[in-house]
Every structure is written in C-alpha cells, then in structure tokens.
Amino acid sequence: MSQDSGTPVLTISGLRRAFGGLVAVNDLDFTVAQGEIMGLLGPNGSGKTTALNLISGVLRPDAGTIRLMGQNIAGLASYRIARLGLARTFQLVRVLDGMDCRENIKAGLAFQRPHLPASEAELRIDTLLDRVGLAGHDRRPAADLTYIDRKRLELARALAAKPRLLLLDEWLAGLNPSELAIGIDLIRALRADGITIVLVEHVMSAVRALCDRCIVMSSGRKIAEGATADVLSDAAVVKAYLGGVAVDA
Amino acid sequence: MSARIAGFGATALAALALLALVPRLGNAYYLALAISLLQYTVLATAWGMFSGPTRYVSLATTAFFGVGAYTVAVLGEILPWPLVLLTAAALGAIVAGIVGLSTLRLSGVYFVIFTFGLTELIRQLVVWFEVNKSRVLGRYVFVNITQADIYWQLLVLTAAVFLLGWLIARSRLGFALRVIGEDETVAKHCGINTTFAKVALFTISATVMTLVGAIMAPRWTYIEPSIAFNSMISFQVLIMALLGGAHRLWGPVLGAVPLTLLFELLSARFPNTFTIILGCIFLLIVYMLPRGVAGLFEKLSTTAGGKPTQRVAA
Ligand SMILES: Nc1ncnc2c1ncn2[C@@H]1O[C@H](COP(=O)(O)OP(=O)(O)O)[C@@H](O)[C@H]1O
Ligand SMILES: [Mg+2]
C-alpha cells in the first residue's frame, strides 16, 4: 500500500494512559496511511482495547497526541470524534437491542453532519443491510439476532457514517470457520472502498489475509512493527504470545 | 399515515372540547378531582418524557413544582398573570439547565439521590431567604384565579405536553434519546452529543413541571415552603409513571388516572398510614409490571410474542 501518499489518516505519538499504577498504554507511536489495514496485535491485557478507547475518545490520554487527518483529537469528546469521521465496533458486541435492524443502522448515520435527506438515508440503510448480509431483516429486533448477525449489524452501524477510519476490536472473534471466511471477505471489500482500518485481532489467518502492516503490543508498549509477514515471524513477537494466544491460532 | 394522524387529531380535539365542559357541571368536588387528575397527568407525562427514554429516575418533580408555586407566591400580586407564568417557566428552565449540566454525567443511583437532595436544598434555600431577607415564613396568594381557571389552564397544558411529546418522539432529538437509553456509549460513538440531548429534555420536562406548580398555586390561599415543596409529589409521580409505563408517551396517564383516584381515597381514609401504603404499591408495581400498563397492552396486542426487554425498573 502507498504509505507515503498525503496526510496519514491516523498519527499517534507518545500516547500514554495508566489505570492507577498499571500503565495500560505506554508511549505508543504509529501511523496509519490512507486506505491501509493496520493490524494491532498482542496478548490479552496488552493494551489494544485501551488504545482504541483512547483514539475514539472513551478515555482521555494522560499524554500524547492523536491526529485524525492531521487534526489533534486527543481528549475530544467521543461524539465530536465520531463526527470527524471515526467509527468503531466493540470487543463485546454492542447493538441496540430494543430497536430493529433498520433503526440500529439509522443511529449510525442520523447524527452525522451535514444531515442526509431522509430518502437518501433510507437508501443507504438498504445498501448497508445488503452489504453485511442482513437484507430482509430490517424490521427484525436486534435482540432476536444470532451472534454473527449482531456482529454484522454492529458493523453496518459503524459503516453508516461513511467513516474515514474504522476501528474493529476483535470483530472476527467467536465466528465459526465458514462465518470467518464471510467476515474476512466483508472486511476485504471495505478496503476496496478505500476505508482505512485499524484491526485488533487474534485470528492470525485473518491478520495474514487482511493486514498490510501490523504493530504488536505487549504490556502497553509497542514491541514490533512492520509488514505483516515480517512481524509474525519476529522472534520477540512469538515470545510475547507464548502463554497468551498462539501465533498460528 | 397522515389520514390516521388527522383522524387522531380530530378525536383528540373533540375529547378536549368535552373535557373543557367539566367546570360547567357546577360540582365543586368533581372539579377539584378533575384538577388533581390533570395535575398528575401532566406531571407524570412530563416525568416520562425525560425518564422514559433515558431511564434516569428523577425525584426532582417536587423541586420544580415548588419553584413554580413559589414564583406565584412572590410575584402573583406584582405582575400580570401571563408574565407570572412566563417567569415561573423561565426560572424552572434555568434551574433545570444548571442541575442538568451538573448532574446528568452522574449515573443511575447517584442521579436519583441527587435529585432527591435537590428538592431539600431548594426548600432550605427558600426558607433561609424568607426568614432572613423577606422576614416572612409564609405568603398569602392573592390572585384573581378561580378553580375553573386553574382547570382550563391545566387542560391546555395537558394538550400542549402531549403535542410536544409527540413532536419530540418524531424528531431527531427523540431518536437520540432512545439511542442513549439503549446504550449511552454507542450513542456517543454515533455522534450524539449525549449531554446536550439529556439536558435539553430534562429542561423541557422540568419547565412543564414548574408550570404545573405555578398554575396550581392559587389553589392554596396560603403558601409556605413545606406546602410548595412536598416531596410526596415526587414519589407519587414516579409511581404513576412507572405503573402506566414510562417508555410510551401515553403510558404515564394510564397510571396517573387510577392512582390519583386511589390516593385521593387512601389519603382521606388512612391519613396516617398513607406513606406505607404508597411504598407497598410502589414495590408491587415494580415487581409485577416492570413495563407498566402500557407494556401490558403491548404484550396483549402482540400475539406472536417477541420478548419485551425490561426497561425502567428504578
Ligand atoms: N477501565 C479500566 N480500568 C482499570 N484497568 C483497565 C481498564 N481498562 C483496561 N484496564 C487494564 O489495562 C490493561 C490493558 O487492557 P486492554 O486494553 O483491555 O487489553 P487488550 O485489549 O489488549 O486485551 C489490562 O491489564 C486491563 O486490566
Ligand atoms: Mg481487548
């Protein structure tokens, strides 16, 4: 991928966040270029979700800058960051259970500026339902969906705002092999649309299939960075994962 | 769709015209009862407008009601009546805005406790002001407002509240509040300014409550802080809205009407044990009807039952 074309979508430098004495994210630096899928790897507890929470404004950083399309968003309220073009999914899938699929997706686009005309919004919702494989389910309550369908719906909601940057937190976790193949194809198709993605993932086959580059975290620090194949064969990375999740899971 | 709305609007107008005739019955007892019914209908509906979608349980009803009543006690003789109401509404909105901005970041139980404390705080402030500054403990309310006037004003306010609630439910703000009620974190990530949305609705709801207090004030000839800030109102309104079902605009009225009648009966028959009875009714409602009467209707009308998710259960 073209790493040096224009402003990076995301530039992070010196990012730090501690919980009491535990430094969950420690002096983290990385950039994500336009159109790139960047893998964010590391054993459980290494700080991946915390990093996403800092980027999306759920948590305030103790130090560091986060630039989205060049603008520093560190410490901004999450709704402002969302309006600047950032969308995400959650490690524990979050859909709006009391609403139907259509309303769930509408929530993702109704509050973006400028507001879409109603007819255009409805059209986009139809397209998204179709795209994630939920066509025909639009009036179905989210609470009635199966696990993978909830994941699909959550993704559709995130995509509804046409984000410049999409953060996926273990979106492929817990899927069976055939669902996994569908999920990988879906994310690959997003790249074809030019959406830039930060992918937190333990499923190595997916990382290999999707990520242009990866960084690996351990205990809050970045311990490796580079092209996916190189990073996954790095001795330090293999060591960090021992006792955690096997690299070739 | 719009034909349905027109039909519904016509029915509502006809009902309104009929209800406007109640003072013509010439029966003071029925008029007093009708005033109570409208008072609690408006209060419970206004309560549900904010607490239904956001699921924040507020015990501040009394605080706003009292602010309205006291505004009348202080300004009733000085300003023309419409200006008194306007001032009361403005004061209620300002207090609500301040309270909302400082508390709506709190979650669940802290918010309940804060709103309860708020009532006491405002009451003590009023007492302090009256004793130290104006050197009176109570005030006479001398305004030229009859019981029928009170009733008609409440009726207009009732209509306005339902219209407002209906408009909000169809608006982007209404949708934002539903998303917030479902999952506030998701709401923020959808680009919703959650603080603004909550404060806006809290303020609208509180302004209505303040107006009820102001309209009701002439019913007493003498007002003192313990009358205007009677915290029983907060609890009664809460119970009514929960019984009716706060997740629907028309829910709270289903609780307000039967419970106003019941409370009227009980407080006359058992003045001493009334509070205990109130508590028991509250427990029964939360336990047996977590989605209120409105939820019960919905359940009955959907034969192929999608399991209703549990909502406001305090
Ligand atoms: N809100 C929080 N409060 C306290 N500790 C937290 C919080 N969030 C995460 N942590 C801690 O920070 C560390 C990193 O967690 P997390 O970012 O969730 O890791 P990962 O997503 O890589 O598994 C863990 O030790 C976790 O217990
Ligand atoms: Mg995680």
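The values are calculated or read from the model by the stated rules, or taken from the named source; none is laboratory data. What you see is a predicted model; the values in this text were computed from it and never measured. Backbone-built Cβ (ideal geometry, glycine too); neighbour counts: all protein chains shown. Surface accessibility is based on the protein's heavy atoms, side chains included, excluding ligands, DNA and RNA. Shrake-Rupley method; radii C 1.70, N 1.55, O 1.52, S 1.80 Å.
Among B:Val136, B:Val67, B:Val95, the largest mean-square fluctuation in a Gaussian network model of chain B, built with springs joining Cα atoms closer than 10 Å, belongs to B:Val136. Modelled this way, with points 7 Å down the Cα-to-C-beta line, the labels at A:Ser233 and A:Ala143 are 5.2 nm from one another.
Across peptide A:121-131, the average count of Cβ atoms from other chains found within 10 Å of a residue's Cβ is 0. How far is helix A:177-192 tilted, in degrees, relative to the longest principal axis of the Cα atoms in chain A, given as a value from 0 to 90 rounded to the nearest 10? For helix A:177-192, the angle is close to 90 degrees.
If R0 is 60 Å, the Cβ-Cβ spacing of B:Thr11 and A:Glu225 corresponds to a FRET efficiency of close to 0.35. Thinking of the protein assembly as shown as a set of Cα atoms, what percent of all their pairs are more than 29 Å apart? In whole percent, the long-distance tail amounts to 61.
Angle between the Cα long axis of helix A:147-160 and the longest principal axis of chain A, 0 to 90 degrees, nearest 10? The helix A:147-160 is inclined about 90 degrees to chain A.
Highest mobility in the GNM of chain B, judged by mean-square fluctuation with C-alpha springs under 10 Å and restricted to B:Thr61, B:Thr194, B:Thr71, is found for B:Thr194.
About the centre of its Cα atoms, chain A shows a dipole size close to 640 debye [charges on the beta carbon of Lys, Arg (+1) and Asp, Glu (-1) only; nearest 20 debye].
Placing a pseudo-label 7 Å from each Cα along the Cα-to-Cβ vector at A:Ala209 and B:Leu266 gives an inter-label distance of 6.2 nm.
Taking a ≥ b ≥ c as the square roots of the Cα gyration tensor eigenvalues, with a/c under 1.5 meaning rounded and otherwise prolate when a/b beats b/c, else oblate, which class fits region B:35-107? The shape class here is oblate. Using the Cα coordinates of region A:86-162, the gyration tensor eigenvalues translate into equivalent-ellipsoid semi-axes of 19, 14, 10 Å, sorted from longest to shortest.
DSSP beta bridges in the protein assembly as shown, what fraction antiparallel, as a percent rounded to 5? Restricted to the protein assembly as shown, the bridges split so that about 60 percent are antiparallel.
The 1.4 Å probe gives accessible areas that order A:Ile66, A:Ile148, largest first, as A:Ile148, A:Ile66.
Dipole of region B:2-234 computed with +1 at Lys/Arg Cβ and -1 at Asp/Glu Cβ about the Cα centre; of B:Ala15, B:Thr185, B:Ile94, farthest Cα towards the positive end is B:Thr185. With the simple model of a label 7 Å out from the Cα in the direction of the Cβ, B:Gln147 to A:Ala189 spans 7.0 nm.
Measuring from centroid to centroid over Cα atoms, what is the spacing of region A:135-211 and region B:1-30 in Å? What the calculation gives is 52 Å, centre to centre. Each helix, a run of at least 4 DSSP H residues, gives -39500 (n - 2.57); summed and divided by the residues of chain A, these come to -10000 deg cm²/dmol at 222 nm. Taking each residue as 0.36 nm, the span from B:Val109 to B:Trp250 lengthens on full extension beyond its C-alpha to C-alpha distance by 48.2 nm. The relative contact order of chain B, computed from alpha carbon pairs under 8 Å that lie at least 6 residues apart in sequence, is 31 percent.
Between the listed residues A:Gly21, A:Thr146, A:Cys101, the Cα displaced farthest toward the positive end of the dipole of chain A, a dipole computed from Cβ unit charges relative to the Cα centre, is found at A:Gly21.
If you run the Gaussian network model on chain B, springs between alpha carbon atoms under 10 Å, then out of B:Met232, B:Met209, B:Met240 the most flexible one is B:Met232.
By how many degrees, between 0 and 90 and to the nearest 10, does the Cα long axis of helix B:274-288 differ from the longest principal axis of chain B? Its long axis makes an angle of about 10 degrees. Take each residue of peptide A:91-103, count the partner chain Cβ atoms within 10 Å of its Cβ, and average: the result is 3.
Measuring between their Cα centroids, region A:59-128 and region A:31-46 lie 20 Å from each other. Note: relative contact order over chain A, using C-alpha pairs below 8 Å and six or more positions apart, is 26 percent.
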